[in-house]
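Worksheet: one structure, shown below.
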Amino acid sequence: MATFGTTAAANTNPNKSFEVLLRYLRELDFDILTASICTRTISLVSQPPSDSVSSLSFSPKANILVATSWDNQVRCWEISRSGTAVASMPKASISHDQPVLCSAWKDDGTTVFSGGCDKQVKMWPLLSGGQPVTVAMHDAPIREVAWIPEMNLLVTGSWDKTMKYWDTRQSNPVHTQQLPDRCYALSVRYPLMVVGTADRNLIVFNLQNPQTEFKRIPSPLKYQTRCVAAFPDQQGFLVGSIEGRVGVHHLDDAQQSKNFTFKCHRDGNEIYSVNSLNFHPYLAIEMPVLLVISRATSLCFKAIWTSTFSSISNIHHTFATAGSDGAFNFWDKDSKQRLKAMSRCSQPIPCSAFNNDGSIYAYSVCYDWSKGAENHNPATAKSYIYMHLPQESEVKGKPRVGTGGRK
């Protein structure tokens, strides 16, 4: 098998996905809501990332994609689709003082948050054309950031072993939560939040009582946690690790028989990290649902008829994994089936994201340093961002066949 970065496997796009244009150079002012271009110059989108892409985030309101990278940059593109054709237009970029590791959008689609090795989170009012301002600080690099609209707060997770909640109008955190170790991953589906740290800790929070850990769980996987993803119905979460394996975990003690792990992103004896987990937002429709039911030993998130509405019903619990083997796959956790295995790219996939309606799956292809500097070839280890248009058969759940699952 060829080593990543060598010329023996040079195809970074074997799935014929659409490439996000990284080399477009233009000075412009813009209004994404009206798609109008003004004469005042506010930004310059110039070179492609000169180092690996660390995160991808789509606006929750439009096909606007943000990418952060290890070259200290946050870049934005407007994505347009016509039938089976997709195009991208670079719009703006901002800089951090050090590599940027994470990004998130405000729920109204107006603002981007980005954090990284400069130990700060910048809030970028993208749609208004405003300048970024610092709204959060830590004592070590910030690995994760998420906006919680139900609380109107920002949450940040850091390698300083803390998680902080921020009101972006204030300079000090609303609350600082001590973690058992460095934060490696974080996922929010209100009121559920799951945090993965070093030493394989998984900490569950009920955000209706955000200052207290609800439950601390040792990872069902034997090696370092790489990513987590809360279920859309808030009844559990996925966890991925560096060992090429994903764990499916339910919170309700009565549902523990449904927990399982499965292998992925492997090639014979070669084992690769699972870098990204993304649930597909498949045709969510509004239905009356639930609230939180507390038990002495369990937190259940069950759908019950109330006057509260939420778009979590009729969501197929299918998801995508992306890994350092250069592949992305689609899975159905409920039927324990792989829906589609895509061809491997010639470099790892460190991050990925669905757009707001699940019609576009963006993923980056670039060296992730998992095999060290000795396997890094600057001549071939370029950074790419691609967009795949999922077919219905790739993301729609299937009936479970038999009783056995992929283990």
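Full extension of the chain between Val133 and Lys222 yields a length gain of 28.0 nm, computed as 0.36 nm times the residue separation minus the alpha carbon distance. Over all pairs of different C-alpha atoms, region 59-215 has a mean inverse distance whose reciprocal, the Kirkwood radius, equals 16.1 Å. FRET efficiency for the pair Ala87 and Asp253, taken as 1/(1 + (r/R0)^6) with r the Cβ-Cβ distance and R0 = 41 Å, rounds to 0.25. Here's how it looks for Ser352: its modeled amide H is under 5 Å from those of Leu56, which are all 5 or more places away or on a different chain. Listed by chain and number, the lysines placed with their C-alpha closer than 16 angstrom to that of Lys396 are Lys333, Lys336, Lys340; residues fewer than eight positions away on the same chain are left out.
The calculated Kirkwood hydrodynamic radius for region 173-255 is 12.8 Å, given to one decimal from all distinct C-alpha pairs. Distance between the modelled labels on Asn13 and His175, one decimal in nanometres: 4.6 nm (7 Å Cα→Cβ projection). Quick one: if the Förster radius is 56 Å, what FRET efficiency do Gln98 and Arg400 give, using the C-beta to C-beta distance and rounding to 0.05? About 0.75, to the nearest 0.05.
Taking 20 Å as the straight-line reach from the Cα of Lys164, the lysines in range (excluding those fewer than 8 positions away in the same chain) are Lys106, Lys119, Lys122, Lys215. Computed from label points 7 Å out along Cα-Cβ, the spacing between Asp108 and Asp357 is 2.3 nm. Note on Tyr190/Asn377: beta-carbon distance plugged into 1/(1 + (r/R0)^6) with R0 of 60 Å gives a FRET efficiency of 0.85.
Any read-out appearing in this document is the output of simple, stated calculations on the displayed coordinates, not a laboratory observation. Keep in mind the model is a prediction, meaning the values are calculated, not measured. Note that we place each Cβ from the backbone using ideal geometry, even for glycine, and neighbour counts take in every protein chain shown.
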